[in-house]
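Note sheet for the following structure.
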Ligand SMILES: Nc1ncnc2c1ncn2[C@@H]1O[C@H](COP(=O)(O)OP(=O)(O)OP(=O)(O)O)[C@@H](O)[C@H]1O
Ligand SMILES: [Mg+2]
């Protein structure tokens, strides 16, 4: 188990599948990436490409039908030990969750038990991790609520239904950092809230990160948010990471046709009324994915080779890895885009 | 309706004639298997219910037969190739064929769904068993109300119970009559009345529930108050009082009464569902298009709730049978023999409860009622699958 | 001072009074109470009229009995029966109603007609505890079993426990309670001779002196076994299946996953998040069924010769004892209405979302 010093979380060759009536859904296949201290990684990709599955896999909370078929998830604890999350016992896993790695869920609206007060959920969380000093916890929680711009007293004593969607989102965010985790996973934290609340949440997130120094895995459909928040961006397609690299590299010099397609599909205010290009076709069936590169049926750069063999993920520029045989052509094509 | 027996030789002829239609169509399309099955189905249902069963069965079996030969052609909404072949000026015949094939596919999908849930299918088989028992049973085992005690009379016996024997598989009752023939003949009126009550309950509840939710206002409040009122009176004791008040000689009247007492629960559920459906866009749209109340209920609301309603109806039928047998059991309604409930009442009042010799007189109807009710409850499992489009698609 | 109160002051006093009354009536509690009272009154009136429409009256029924037993002429029997009872069949129904209502306001249920001189309330109070005891105990047991077993089944769904219990629960749910009672007697009692049927019937061994003696209490308990087992078997299937589906729905909720993600122990998630939320709809139903405990099960009490309120009611119906019948119906209506209110209150206490909705 060797990982570099500053790496907090190292996902190595992880595959996850679901058992469905029709067969095995390969929702995540052979995904690898490293998350460094204080780094912010954005996962982008179409709906259904396996982003949530990957993150649920990291905290081992997949639904009963889901299974992690292979791989390692190495985590560096605060005292420098490296552990494989997949090898933790149920008890160790419970301690790992939230105290080391917190997750703000996609459906934040339903993330809080409607019949329990916020404060009881806070105490519950703290107690599960052996912190019984209620006064201390209350103080810290109120402080965090203030940081995320909520009225601390009111929210602390409220029932979830008394809070708006954006407020609940921020409650969860504050609750997420309560135990000072090293990694915070945010699954689409800004969908389903209006643009202003979205800005608030992002600002709050940035402030919290600056103050507490945790690393972030961030899922978003909004590329502009990803560009703004992330240090590193990973593009997922049909359960695989097809391209990963520093945000500048990836957005300005994309080397995978799918990333390029995603970027071209974003409306740009500066260019005015320009025709949007969407990617033709739809994501492949995850039960019987196409042979070769899974993107080939939709790819404008497709060659014979793409249809036959799957491209490996190779580093083509410093920190920029891509799984595409035709990356040079894509790069050349991408230049005029900006 | 003649309650003695519906099945008759004329029915057999009608059934055979009806069955020829799917058979001929199937043979012309070179799909003999569904054709033969269709023929048998028509034959049976014609035999059982004359024209009443024969004609609808023609439609259904022909639909299934047609759907087998029609499958090659895809749905134009899903397949490009099929779209190119679509003739927008389709002839009347083509339209009928297409519709029939659609119906047939639905029937096939539904029957597949029916079989999928094991418990549900068991319930279905149970209901089929009782159906066959009540329709064809009387032809095989005629009603036998004669005492068979002449040479078997025991010394000083008050009752003439007898345990099962080769001649009388279920034994003899307190008057020395054949229990088997009573079981075969004694369920029909009970089942028919229960089903009637269930249907009446459902119709009242659906109409009132939909009306209350869609019109609202004062009417809604009044209907709710009535529902509350009925729910507050204890049902069974009230029935006992009513049984003293009204003679239930006419069983249909009893069914109506049961329906009148049973609707509030379903009505409330329908009302709540309609209220929540009303919020949804397509019903709003239908409102905006001014399509009228009956249209909204029939076309938008009912299809959404059909599974719920049908399953509730099954439970109403079950409740009605519970009440009827209970009333008979307490001796509160006039007896019409043969009847399972009367058998239970007589068995108990003649002391069958305490003698092993006489147990069959009580056990037979008790098991018959229990099995029928159990079949009903199990059958709802399959119904859930049949009406659930997601489950039906096999996803 | 009082003498000099001006008409305006009086008027404004009345206005304030009305205003306060109206405010009270629009309050949720007051409105529910009023509705409940109205419902009880409506049921009372309805049954009052209904039972007097039944053919023949208590005097006639008694007269018929005398004729049958003593072979006297009907006229003589009739006059004797009439003198026995403090009841005039020829009194107009409206008069009877007003009289009854006037007594009822003072919580007087009147005298039983057939056992002249006994207040109906006394009789009801004598039968009621037996029914409440047997049916209530059955309800509690089956609810508790239902909650735990249903939850366990949902948790390990698809397993052996789930399949076996689902089959069992469906069977129990499918069979009417009186059929279960008959099967218990026939199969367990008569065929297998697991207990003596003759001894098990009734509500207590009549040869034992009533009192707080171990023998008496033991006899009460042992006689309650059959009815309680019957009530439990007839209802437990329903509770189990409902709890199972409610738990399955709750397990799929996002907040359960989030609770696990927060590192809560399995036990805590199961109790505070899954169990509590899944139980909500069932608690309401439990409260509502408590209302029907009082009515008991007429048929079960008849089969087991368990003389509770249900049996009392059927006896009263057969004898056309109007006041007794009326009393029982009234008690049942009151308990159903109260139980419904209890359900509302409970639900409000357990689910804050409802609490707010009610006040608005
Ligand atoms: N419980 C499940 N059983 C079977 N298949 C599942 C299950 N959950 C998810 N899937 C499948 O796994 C794939 C990945 O799902 P996932 O939720 O990870 O997508 P996602 O990238 O998070 O999408 P979105 O952006 O819409 O949230 C999808 O194709 C989905 O159909
Ligand atoms: Mg997702």
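None of the figures in this text is laboratory data; all of them are computed from the coordinates on show. Only a predicted model underlies this, so the values are computations on that prediction, with no experimental measurement involved. Cβ sites come from the backbone with ideal geometry, for glycine too, and all protein chains shown count toward neighbours.
Highest mean packing first, where packing is the average number of other Cβ atoms within 10 Å per residue, the peptides C:85-93, C:165-173 line up as C:165-173, C:85-93. When chain C is treated as a Gaussian network with alpha carbon springs shorter than 10 Å, the biggest mean-square fluctuation among C:158, C:202, C:327 belongs to C:158. Beta-bridge orientation, the protein assembly as shown: approximately 65 percent antiparallel, per DSSP, counting only bridges with both partners inside. Taking A:40, A:282, A:327 as the candidate residues, the one with maximal mean-square fluctuation in a Gaussian network model of chain A, Cα springs under 10 Å, is A:282.
Ignore the peptide's own chain and count Cβ atoms of other chains within 10 Å of each Cβ in C:333-342; give me the average, rounded. Mind dumping the intermediate values first?
Numbers: counts 4, 1, 2, 5, 3, 0, 0, 3, 0, 0.
Mean inter-chain Cβ contacts per residue within 10 Å come to 2.
Take each residue of peptide A:161-167, count the partner chain Cβ atoms within 10 Å of its Cβ, and average: the result is 1.
For chain A, the longest principal axis of the alpha carbon atoms and the long axis of helix A:195-212 meet at an angle near 70°. Please report the base-10 log of the normalised intensity I(q)/I(0) for the range A:254-333, using a Debye sum with one equal scatterer per alpha carbon and no solvent, at each q in 0.12, 0.17 (1/Å). Treating every Cα as an identical point scatterer, log10 I(q)/I(0) equals -0.39, -0.74.
Counting, for every residue in A:175-182, the Cβ atoms of other protein chains within 10 Å of its Cβ and taking the mean gives 1.
Among A:285-291, B:100-106, C:180-186, the peptide with the highest mean count of other Cβ atoms within 10 Å heads the list, and the full ranking is C:180-186, B:100-106, A:285-291.
Using a ≥ b ≥ c from the Cα gyration tensor of chain C (square roots of the eigenvalues), is it rounded, prolate or oblate, where a/c under 1.5 gives rounded and otherwise the larger of a/b and b/c decides, a/b for prolate? Judged from the Cα gyration tensor, chain C comes out oblate (a/c at least 1.5, b/c at or above a/b). Springs join every pair of Cα atoms under 10 Å in this Gaussian network model of chain A, and among A:236, A:103, A:121 the largest mean-square fluctuation is at A:121. Assign one of three labels to the protein assembly as shown, namely rounded, prolate or oblate, based on the Cα gyration tensor with a ≥ b ≥ c the square roots of its eigenvalues; rounded applies when a/c is under 1.5, prolate when it is not and a/b is larger than b/c, and oblate otherwise. It comes out prolate by the Cα gyration axes.
Please report how far the C-alpha centroid of the range B:242-258 lies from that of the range B:30-52, rounded to the nearest whole angstrom. Cα centroid to Cα centroid, the span is 38 Å.
When each of the peptides B:259-269, A:299-309 is scored by the mean number of other C-beta atoms lying within 10 Å of its residues, the order from highest to lowest reads B:259-269, A:299-309.
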